[in-house]
């Protein structure tokens, strides 16, 4: 089984840290677990798109994944899930709301066209 297949089988954030031998503070992982894993996934996907995994053996792929997890973890040591806004719900919270046109009641009552 390859490293990437092993990673696909993991479920808890702590499992990723243990598997890749990355030290972590449980308090940080408890608050930002989904965000850390999503950011790691973004980094891994970027490496795959760039072809970084091609021609690498399992040990090199594991080292690169470890580097991505460390980087993702540090992102949330230095910042917070709300500041990073990885998920749609957080992005939508600060997105400008569309302005809906207002129709005056007097225009409706008088039969005027808007």
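Just so it is clear, none of the values below were taken in a lab; they were calculated from the coordinates. If you're wondering where the values come from, they're calculated on a predicted model, not measured in any experiment. Using ideal geometry, Cβ is built from the backbone for each residue, glycine included, and neighbour counts are taken over all protein chains shown.
If you take the Cα centroid of segment 3-24 and the Cα centroid of segment 35-56, the two points sit 14 Å apart. Using R0 = 35 Å, the C-beta based FRET efficiency linking residue 67 and residue 30 works out to 0.95. The gain in end-to-end length when the residue 100 to residue 9 segment is fully stretched comes to 28.1 nm, 0.36 nm per residue minus the alpha carbon separation. Listed from fewest to most Cβ neighbours within 10 Å, the set 77, 103, 3, 22 follows the order 103, 77, 22, 3. Using the Cβ-Cβ distance between residue 38 and residue 2 with R0 set to 25 Å, the FRET efficiency from 1/(1 + (r/R0)^6) comes to roughly 0.70.
Counted by neighbouring Cβ atoms within 10 Å, the residues 69, 20 run from fewest to most as 20, 69.
With a cut-off of 19 Å on the backbone N, the residues of segment 51-65 near the modelled label site 7 Å out from residue 74 along Cα-Cβ are 61-65. Ranking of 45, 62, 97 by neighbouring Cβ atoms within 10 Å, starting from the fewest: 97, 45, 62.
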